[in-house]
1. Looking at (1) farther than 30 Å from residue 201 by Cα; (2) surrounded by fewer than 19 Cβ atoms within 10 Å (Cβ to Cβ), which is the one condition that is false for residue 266?
2. Filter region 56-67 down to the residues that are crowded, with 16+ Cβ neighbours inside 10 Å and touching a residue at least 60 places away in the same chain (Cβ under 8 Å), then identify the one that is farthest from residue 270 (Cα to Cα).
3. Filter region 235-252 down to residues that are surrounded by 14 or more Cβ atoms within 10 Å (Cβ to Cβ) and touching a helix residue (DSSP H, G or I) at 6+ places or on another chain (Cβ under 7 Å) and give me whichever is nearest to residue 199 (Cα to Cα).
4. Is it the case that region 77-100 has a residue that's out of contact with any helix residue (DSSP H, G or I) (no Cβ under 7 Å at 6 or more places or on another chain) and within 19 Å of residue 246 (Cα to Cα)?
5. Spot the failing condition for residue 218; the list is (1) under 24 Å from residue 75 (Cβ atoms); (2) without any contact (Cβ under 8 Å) to a residue 12 or more places away in the chain; (3) within 19 Å of the chain's Cα centre (by Cα), and only one is missed.
6. Here are some conditions: (1) without any contact (Cβ under 8 Å) to a residue 60 or more places away in the chain; (2) surrounded by fewer than 18 Cβ atoms within 10 Å (Cβ to Cβ); (3) not in a helix (DSSP H, G or I). Residue 92 meets all but one. Which one does it not meet?
7. Limited to region 255-295, what total is found for residues that are within 12 Å of residue 76 (Cβ to Cβ), assigned to a helix (DSSP H, G or I) and modelled with pLDDT of 85 or more?
């Protein structure tokens, strides 16, 4: 059966079968990846930065924010940098597309992970997009690992196997995630990766499927095609959307263009949120003054 593609607001969602989480793992033969579409100058610059960066913390944050995002990323990047510094975590920012002729940042996120994971000492990494903010600035994200990624659902569950975790999007938190039509798939704006060989294999399998179709929807479809053999290793948590992924989420809100509300633009929505926030506004202003003084 073909996937049902929906959009709630401006977020792409796809129907997934939760029963995959209990499926026996299938040994997947991943095609040989030759990286023929690498943007070689950008990739070389990435590798040089990785060699010169000190990324020896136990946790880290990866943000991919391409130049087309700069309208709002100039607000969020300093906030995330300071958030990582305050909690003694690494921070790595990738702003250049790594695939020739392909601007969509999802593929650059996966390509960056393929390069980043062998080079860092991070045991866990939070992958974020630039249209998100850490609303609970004084709280680290470590508890997401225990409360969501490692949540035990039943007696013989094996949460210790999980290496990828995504917030799961559902219509109503009071409805079972197993009820058909109530849940549509993961948010890709924020997710957690554990530094394990299995995680690297899943990401490589996801990335190689970009060759099927090169448009935005294919990033989600490629994940859908990748996930079933790894049901024990990929986990989705329905309750997490109250905390992550929506403009109203309490911990890591994410904004999209909103045609039917004011303000519509991502930057304007984020700026309005920061103005009312007791910490993010002052932190953003301080970082901006520091940047201006260095010019």
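The values are calculated or read from the model by the stated rules, or taken from the named source; none is laboratory data. Small disclaimer: the values here were computed from a predicted structure and weren't measured. Backbone-built Cβ (ideal geometry, glycine too); neighbour counts: all protein chains shown.
1. The number of the failed condition is (2).
2. Residues of region 56-67 that are crowded, with 16+ Cβ neighbours inside 10 Å, as a first pass: 57, 59-66.
Checking the rest, the ones that are also touching a residue at least 60 places away in the same chain (Cβ under 8 Å) come to 57, 59-65.
Working: 57: 29, 59: 26, 60: 23, 61: 20, 62: 20, 63: 17, 64: 17, 65: 15 Å.
Ranking the qualifying residues of region 56-67, first place goes to 57.
3. Restricting attention to region 235-252, the residues satisfying the condition of being surrounded by 14 or more Cβ atoms within 10 Å (Cβ to Cβ) are 235-247, 249, 251-252.
Next cut, touching a helix residue (DSSP H, G or I) at 6+ places or on another chain (Cβ under 7 Å) only: 235, 237, 240, 247, 249.
Working: 235: 12, 237: 18, 240: 21, 247: 29, 249: 27 Å.
Filtering first and then ranking leaves 235.
4. Kept after step one, since they are out of contact with any helix residue (DSSP H, G or I) (no Cβ under 7 Å at 6 or more places or on another chain), are these residues of region 77-100: 77, 80-81, 83-89, 100.
If we keep only those that are within 19 Å of residue 246 (Cα to Cα) as well, we get 77, 80.
Yes, region 77-100 contains at least one residue that is out of contact with any helix residue (DSSP H, G or I) (no Cβ under 7 Å at 6 or more places or on another chain) and within 19 Å of residue 246 (Cα to Cα).
5. Answer for residue 218: the failing condition is (1).
6. Tallying (1) without any contact (Cβ under 8 Å) to a residue 60 or more places away in the chain; (2) surrounded by fewer than 18 Cβ atoms within 10 Å (Cβ to Cβ); (3) not in a helix (DSSP H, G or I), residue 92 fails exactly one: (2).
7. 8
Conditions tested, residue by residue: (1) in contact with a strand residue (DSSP E or B) (Cβ under 9 Å, 6 or more places away or on another chain); (2) touching a residue at least 12 places away in the same chain (Cβ under 8 Å); (3) over 15 Å from residue 169 (Cβ atoms).
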| residue | (1), (2), (3) |
| --- | --- |
| 223 | yes, yes, no |
| 230 | yes, yes, yes |
| 238 | yes, yes, no |
| 251 | yes, yes, yes |
| 256 | yes, yes, no |
| 261 | no, no, yes |
| 264 | no, no, yes |
| 269 | no, yes, yes |
